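Comments concern the structure below.
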Amino acid sequence: MMNPELYRSMQLAAIAAYPNEACGFLVNKQGKKYELVLCRNVADDPVNFFVMDVDDQIAAEMQGDVVGVWHSHTDGTNKASEADVAGCESSELPWYIINVTKNFNPDVDSDYIISDVNVIAPCGVEMPLEGRTYAFGVFDCWTLCRDYLKREFGVNMDLCAHLHVPNWWDGDKDILNDNFESQGLVKMPHGTEPKKGDLFFMKIGAKMPDHCAVYVGDNLILHHQTNRLSSKAIYGGMYRKCTVHHLRHRDLL
């Protein structure tokens, strides 16, 4: 899949985005012709993380078959981070990582030093459900609920690119409400007794519902709040009061 032309495209994109991380997809547009399709990095901290713009993701997917995810690291190494490994597993695609470092060595005739490409592939690694560090779009409330349903019930839900727009909960659209049906979720009537595997959408501190949790039985939820470790909590008090939607996957009805 890798060739000098593709590697050169990665180098140029990484340099152009520096000191921020660059990102995009490897897309098979025709036959075995693989091209790098760039996406805007809309992460809150683009120097250390990447979050692909949702419209760019959709546009890339329309150009052909997505066969890999690519991004750059800056002033470090091309070694995959914990978030990279988790993202690779979630996407079920190989990830291609390159590092670009600003050169301050006068003996080296180049503005930047660029690594080779580190390729990691999904291998079935499962991150623990409790004690995860927070990384938006990789380790967050939606991906935790998604992973729980898959492991406990064999129910599959998408990563849902619309939920990977930073601060989507501050907009004018109820993103969770607008996308639950496409994930096979069904709203339950008010007062329905929760069952293991049910999801709760909550409005904790934003204009729109900004959090989701999964019911794990014994009046406990499993959830992952921003900048905290994923954990269980009693489903009562604030969490029950802030719940705006109670949902169940159609396979569990």
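I'd like the accessible area for Arg250: 1.4 Å probe, protein heavy atoms, all chains in place, Å² to the nearest 10.
Around 140 Å² of this residue is reachable by solvent.
Sort 189-199, 48-58, 20-30 by the packing proxy (mean of other Cβ within 10 Å over each peptide's residues), most packed first.
20-30, 48-58, 189-199
Over the chain, give the accessible area per residue in Å² for a 1.4 Å probe, as an integer. Mind dumping the intermediate values first?
Details: 12860 Å² over 253 residues.
For the chain, the per-residue accessible area is 51 Å².
Please report, largest first and rounded to whole Å, the three semi-axes of the ellipsoid equivalent to segment 72-211, where each semi-axis is the square root of five times an eigenvalue of the C-alpha gyration tensor.
Each semi-axis is the square root of five times an eigenvalue, giving 38, 18, 12 Å.
Leaving out ligands, DNA and RNA, what percent of the accessible area of segment 182-253 is carbon and sulfur, probe 1.4 Å?
Here it works out to 51 percent.
To the nearest 10 square angstrom, how much accessible area does Glu5 have with a 1.4 angstrom probe?
Per-residue accessible area (Glu5): approximately 120 Å².
Averaging the inverse of every distinct alpha carbon separation and then flipping it gives the Kirkwood radius. What is it for segment 204-253, in angstrom units?
Its Kirkwood hydrodynamic radius stands at 12.0 Å.
Find the percent of Cα-Cα distances in segment 1-99 that exceed 18 Å, and round it to a whole number.
Value for segment 1-99: 42 percent of Cα pairs lie more than 18 Å apart.
Tell me the label only: which of (1) 1.17; (2) 1.22; (3) 1.11 is Cα Rg over 2.2 N^0.38 Å as calculated from this structure?
Label (3) holds the value from this structure.
I'd like the carbon and sulfur percentage of the solvent accessible area for segment 1-95, probe radius 1.4 Å, heavy atoms only, ligands and nucleic acids excluded.
Carbon with sulfur: 52 percent of the solvent-accessible area.
The values are calculated or read from the model by the stated rules, or taken from the named source; none is laboratory data. All values derive from a computational prediction rather than experimental measurement. Cβ sites come from the backbone with ideal geometry, for glycine too, and all protein chains shown count toward neighbours. Just the protein is used for accessible areas: all its heavy atoms, side chains included, with ligands, DNA and RNA removed. Shrake-Rupley method; radii C 1.70, N 1.55, O 1.52, S 1.80 Å.
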